[in-house]
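The values are calculated or read from the model by the stated rules, or taken from the named source; none is laboratory data. The structure displayed is predicted, hence computed values, not measured ones. A quick note on method: Cβ atoms are made from the backbone with ideal geometry, for glycine too, and the neighbour counts reach across all protein chains shown. All accessible areas refer to the heavy atoms of the entire protein, side chains included, with ligands and DNA or RNA removed. Shrake-Rupley method; radii C 1.70, N 1.55, O 1.52, S 1.80 Å.
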Amino acid sequence: MELAALPGVGPKVYRCLVEAFGGAREALAAGPDRWRALRIFAAAASEGGRAEPKGRRRGAPAGRRTGEELLGVAEELGWTVLTWGEEGYPPLLLHTPEPPPVLYLRGSMVRDDWRAIAVVGTRRASAYGRYQAERLAGELAAEGLTVVSGLARGIDETAHRGALEAGGRTLAVLGCGPDRVYPPENAPLAEEIAESGAVLTEFPPGTPPLPGNFLWRNRVIAGLALGTVVVEAGERSGALNTAFHANDAGREVFAVPGEVGRPGSAGCHLLLRLGATLLEHGGQVKESLAHLLVPGLSFGPVWRRGPIAAADWRSTEAGEEGGEEGGALAGKLRHALREAPARVEELASRAGFPVSAVAAQLVLWELEGKVRGYADGRVALVPR
Amino acid sequence: MLARVRSASLVGVEAVPVGVEVDVSPGLPCFDIVGLPGAAVRESRDRVRAAVRNAGLPFPLQRVTVNLAPAGLKKEGALFDLPIALALLAAAGVIPAAALEGRLVAGELSLDGAVRPVRGIVAVALLARAEGAALVLPEANLEEGEVVEGLTLEPVATLSGAVELVRGRREASGQRRARPGPGARNGGEEADLAEVAGQAAGKRALEIAAAGGHSLLLIGPPGAGKTMLARRLPSLLPPLDREEALTVTRIHSVAGMLPPGTGLLTARPFRAPHHSISLAGLLGGGAGACPGELSLAHGGVLFLDEFTEFPPHVREALRQPLEEGKLVLCRAAVRVTLPARALLVLACNPCPCGYAGDDRVACGCRPDEVARYRRRFSGPLLDRIDLAVRLNRLSAAELMEAGKGEGSALVRDRVERARARQASRLAGEEGRTNACLRPEELRRWVTLAPATRRLLERAVDHYRLSARGYYRTLRVARTIADLAGEEGVRPEHAAEALEYRVERVMGRW
Ligand SMILES: Nc1ncnc2c1ncn2[C@@H]1O[C@H](COP(=O)(O)OP(=O)(O)O)[C@@H](O)[C@H]1O
Ligand SMILES: [Mg+2]
Ligand SMILES: [Zn+2]
């Protein structure tokens, strides 16, 4: 936590450090000198975690705070903390290109929250846009899906309300620290959301709501959901940014058409031209995601990146019987799987073993619950 | 005056003896054929009359009656033209009747007196050999006749040539032309496994299918190489032995599928009927029970591309014959058995648009469309499939790797060794492979180490294997162990067999 809150330490750097040192605590203990030796991240190492951060997380309070301090502040505010690899960390989010190392959470997330759809759009919403957002969010909620949005004015707030009114669950992702709500007038709405769902942020306490933060936060909105619905958006709007994050994470993008010629329609129409799915009513979301929303599947099947935490494998690896003939194959194959989930041919070529042996090993592991196959044929490690 | 000559009628892939008797007697000139002639045989009258006249031979202006015996058998085909013409000329005293003895005659006539090739010569030659007769046959069918060893062949090109032959003016051509060289390799020279880039899992499934005679399902988007792989399956099978080659050639000969000048077929057939094929076209039909695609695939591979498009009744009809390796047709009074032991390969797209699960092209199907499509998979045929594998489209870079992998010959070597192991186990039951092991045989031949047993128990639970699915897994595991050269089935053999279950592949996309 402390590590993640350091300026200049984003998800990528965090991942490198954790993998290199075997855990966040170990990475912190190692200190900037040893980090520098890794040569992966210029900023954090050279600044030793002190100087002005560059890039996205501008505005974070300078100065280093320990994990205990951060946790203390958060708990005082009534928030809890989830870190990478921890039980309860949203699994869908874990399988995005850059999942946040730390999530501050107010309210509660439930197991079924992976059945989520993001509903986003412009802050300058028209009456039509608001109507559609509220209606769609309500329909999605009624279908048992969790509605994710960003608590912004306009479409976002309407979507949250629509879901709440339909008696459904909704998650709000903030672009600032847990110690404030932006825009301020939505504080009561945030309270209401936290009662039945959750308010989340990746930013440490004290982070102000700067524009860059919202854009960066959009990947979390997209990452929490199986698909993103854009209701009304200008041609250069944050909602489009969310849609592109969704696409990068291999998630479905839906767009609601508007009136031709109105600026609020341009973004959605652009998405439609790029191949987004046209959405008229909530049921269509469920239809096009039917392959994911099946009983038994615990979360989304399309993995662009592998599970991250290096600790994932520690337990199973230790329990693995070595020595026998399968040992070499098992080791190589595990290594190949850790790189990223893949199909059997790809894994065989990564591991340098024939596909027959790899297929057999994967089935053995599947029966032992160590790996899991996805609908697209890729196989992944089951994170521990 | 009466004259007789022997000929043959085709029933399924057999030739049965038919006696052609012609009586020429005084009376009003007429020309009758009796003895249950089929339509083509009735038309024979006109061809024979024209051919005899155009060959410059006298046609008797008397009462001509042709009888085809036995009367109870329906006769089909144009091969009676020549025997009728010769017997008629003998009855009219143009040629000596004794000259027709010891000969079996088959051939079609054209109006100008030329002798045209007929189908089924291999079967007819086998009959002639069994009857100890020389075979007078169309010259265009000579190579086909030569497939059968140990009989005298007398090829004729025209009716007058045939007349000269039986008058003894021409040397009976016992001499043979050079045999056509040994036929093409299985699958043809151009179809080698090495040309398929990547698709390691697909190639492995192909190898297992070839080794154990297992039926195979290839599922994947268009252009993934389903057809390409399926076409290479024959090249992984051991070559046909002489007996099998004769059967395959006979079937093609009866179906009229041997191109002129073709001798013994030595390559395993690959048949890929289109889904618009009729039931008769697939199974065989007509009064003579002419073999269909299924029998033409005997000894080789029957490939049903886009098999979901085949109507359900067609798929259903294939089921039993494929299981038994033969096909029984009931035609009028006779039951005809046709050979039908073929390796079944099915291919299909994963969804109506074809791109479900593809990495680059998004599937454009609505979920209900996909669901409806997938419902078509179930039922007939698919429940006979032992192995299934998903193929994915390769990238351009991966396609460049073509030609670098193992060639067919290497794989065929392993297949042959695996088949030898099976043959020693199933001694005496020729042609059977692991794919047709019965449950009691499985108990006997598939010895499971304790670890394998534990693995299978867990799999039955975890994958909810049915009894049928369990036996299927055992059969495939037996083949995988045979490929590995092991008598005991090890856990990894069983595990690999589980990987190729149809249900597993179907659950993926
Ligand atoms: N693995 C492969 N290696 C080499 N060429 C391939 C491969 N897969 C596909 N091709 C090329 O693509 C063409 C189409 O493949 P085809 O077997 O007809 O696909 P499908 O039957 O799956 O639609 C082939 O003729 C071949 O030229
Ligand atoms: Mg094809
Ligand atoms: Zn499709």
Can you find even one residue in segment A:297-316 that is over 24 Å from A:T83 (Cβ atoms), within 14 Å of chain B (Cβ to nearest Cβ) and modelled with pLDDT of 70 or more?
no
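Which count do you get for residues in segment B:353-362 that are touching a residue at least 60 places away in the same chain (Cβ under 8 Å) and within 14 Å of chain A (Cβ to nearest Cβ)?
Taking segment B:353-362 as the starting set, the residues that turn out to be touching a residue at least 60 places away in the same chain (Cβ under 8 Å) are B:354-358, B:361.
Imposing the further condition that a residue be within 14 Å of chain A (Cβ to nearest Cβ) reduces the set to B:355-358, B:361.
Counting residues in segment B:353-362 that are touching a residue at least 60 places away in the same chain (Cβ under 8 Å) and within 14 Å of chain A (Cβ to nearest Cβ) gives 5.
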Among the candidates B:A224, B:A267, residue that is crowded, with 21+ Cβ neighbours inside 10 Å, assigned to a loop (DSSP other than H, G, I, E, B) and within 16 Å of ligand 2 (Cβ to nearest atom)
B:A224
In this structure, is A:A142 open to solvent by 20 Å² or more (accessible area, probe 1.4 Å), at pLDDT 90 or above and of a type in the set (A, V, I, L, M, F, W, C)?
yes
Those residues of segment B:353-402 which are farther than 20 Å from B:F310 by Cβ, within 35 Å of the chain's Cα centre (by Cα) and open to solvent by 50 Å² or more (accessible area, probe 1.4 Å), in sequence order
B:Y355, B:R393, B:L399, B:E401
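May I ask you to list the residues in segment A:361-384 that are within 10 Å of chain B (Cβ to nearest Cβ), farther than 23 Å from B:R454 by Cα and in contact with a strand residue (DSSP E or B) (Cβ under 9 Å, 6 or more places away or on another chain)? Full working, then the answer.
Initial filter on segment A:361-384 (within 10 Å of chain B (Cβ to nearest Cβ)): A:361-369, A:373-378.
Filter once more, keeping what is farther than 23 Å from B:R454 by Cα: A:374-378.
Result: A:Y374, A:G377, A:R378.
For every residue, the table says whether it meets (1) more than 13 Å from chain A (Cβ to nearest Cβ); (2) among the basic types (K, R); (3) within 16 Å of ligand 1 (Cβ to nearest atom).
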site: B:G325; (1), (2), (3): yes, no, no
site: B:V328; (1), (2), (3): yes, no, no
site: B:R335; (1), (2), (3): yes, yes, no
site: B:C351; (1), (2), (3): no, no, yes
site: B:R384; (1), (2), (3): yes, yes, no
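Out of B:P37, B:P60, B:P83, B:P29, I need the residue that is in the same structural domain as B:E139 (by TED's automatic domain parsing) and open to solvent by 50 Å² or more (accessible area, probe 1.4 Å). Which one? First the steps, then the outcome.
Values: B:P37 fails: open to solvent by 50 Å² or more (accessible area, probe 1.4 Å); B:P60 fails: open to solvent by 50 Å² or more (accessible area, probe 1.4 Å); B:P83 fails: open to solvent by 50 Å² or more (accessible area, probe 1.4 Å).
Residue meeting the stated conditions: B:P29.
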Checking B:I251 against (1) surrounded by fewer than 24 Cβ atoms within 10 Å (Cβ to Cβ); (2) away from ligand 2 (no atom under 16 Å from the Cβ); (3) farther than 30 Å from B:R204 by Cβ: exactly one of these is not met. Which one?
(1)
Hits in segment B:227-254 - residues which are among the hydrophobic types (A, V, I, L, M, F, W, C), within 16 Å of ligand 1 (Cβ to nearest atom) and not in a helix (DSSP H, G or I)
B:L233
Looking only at segment A:115-138, which residues are assigned to a helix (DSSP H, G or I) and either closer than 14 Å to A:A172 by Cα or open to solvent by less than 10 Å² (accessible area, probe 1.4 Å) (or both)?
A:G129, A:A133, A:L136, A:A137
Of B:G284, B:G357, the only residue that is within 16 Å of ligand 1 (Cβ to nearest atom), of a type outside the set (V, I, T) and touching a Pro at 6+ places or on another chain (Cβ under 6 Å) is B:G357
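Would you pick out the residues in segment B:276-286 that are surrounded by fewer than 19 Cβ atoms within 10 Å (Cβ to Cβ) and of a type in the set (A, V, I, L, M, F, W, C)? Don't jump to the end; show me each part of the working.
Pass one, segment B:276-286, residues surrounded by fewer than 19 Cβ atoms within 10 Å (Cβ to Cβ): B:276-281, B:285-286.
Passing the criteria: B:I277, B:L279, B:A280.
Counting only residues that are open to solvent by less than 10 Å² (accessible area, probe 1.4 Å), give me the helices (runs of 4 or more DSSP H) lying completely in segment B:428-486 with at least 3 of them. Please lay out each step first, then the result.
Details: elements: B:439-445, B:450-462, B:467-483.
Because the criterion is at least 3 residues that are open to solvent by less than 10 Å² (accessible area, probe 1.4 Å), the helices (runs of 4 or more DSSP H) in segment B:428-486 that meet it are B:450-462, B:467-483.
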Does B:P273 satisfy being within 16 Å of ligand 2 (Cβ to nearest atom), assigned to a loop (DSSP other than H, G, I, E, B) and surrounded by 16 or more Cβ atoms within 10 Å (Cβ to Cβ)?
yes
Only one of these is within 20 Å of A:V355 (Cα to Cα) and within 11 Å of chain A (Cβ to nearest Cβ): B:R501, B:R412. Name it.
B:R501
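Of all residues in segment A:334-360, how many are at the interface with another protein chain (Cβ under 8 Å from one of its Cβ atoms) and in contact (Cβ under 8 Å) with a residue 24 or more places away in the chain?
Taking segment A:334-360 and keeping what is at the interface with another protein chain (Cβ under 8 Å from one of its Cβ atoms), we get A:343-345, A:348-349, A:354-357, A:359-360.
Subset that is in contact (Cβ under 8 Å) with a residue 24 or more places away in the chain: A:343-344, A:357.
Total satisfying the criteria: 3.
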Let me spell it out: the conditions are (1) surrounded by fewer than 21 Cβ atoms within 10 Å (Cβ to Cβ); (2) modelled with pLDDT under 90, and A:A357 meets all of them except one. Which number is the exception?
(2)
Exactly one of (1) within 16 Å of ligand 3 (Cβ to nearest atom); (2) in contact (Cβ under 8 Å) with a residue 12 or more places away in the chain is unmet by B:P367. Its number?
(2)
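Looking at B:V345, B:V336, B:V301, can you tell me which residue is among the β-branched types (V, I, T), surrounded by 15 or more Cβ atoms within 10 Å (Cβ to Cβ), more than 16 Å from ligand 3 (Cβ to nearest atom) and at pLDDT below 90?
Details: B:V345 fails: at pLDDT below 90; B:V301 fails: at pLDDT below 90.
So the residue among B:V345, B:V336, B:V301 that is among the β-branched types (V, I, T), surrounded by 15 or more Cβ atoms within 10 Å (Cβ to Cβ), more than 16 Å from ligand 3 (Cβ to nearest atom) and at pLDDT below 90 is B:V336.
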Out of (1) more than 14 Å from chain A (Cβ to nearest Cβ); (2) free of Cβ contacts under 8 Å to residues at least 60 places away in the same chain; (3) within 16 Å of ligand 1 (Cβ to nearest atom), the one B:L346 does not meet is (2)
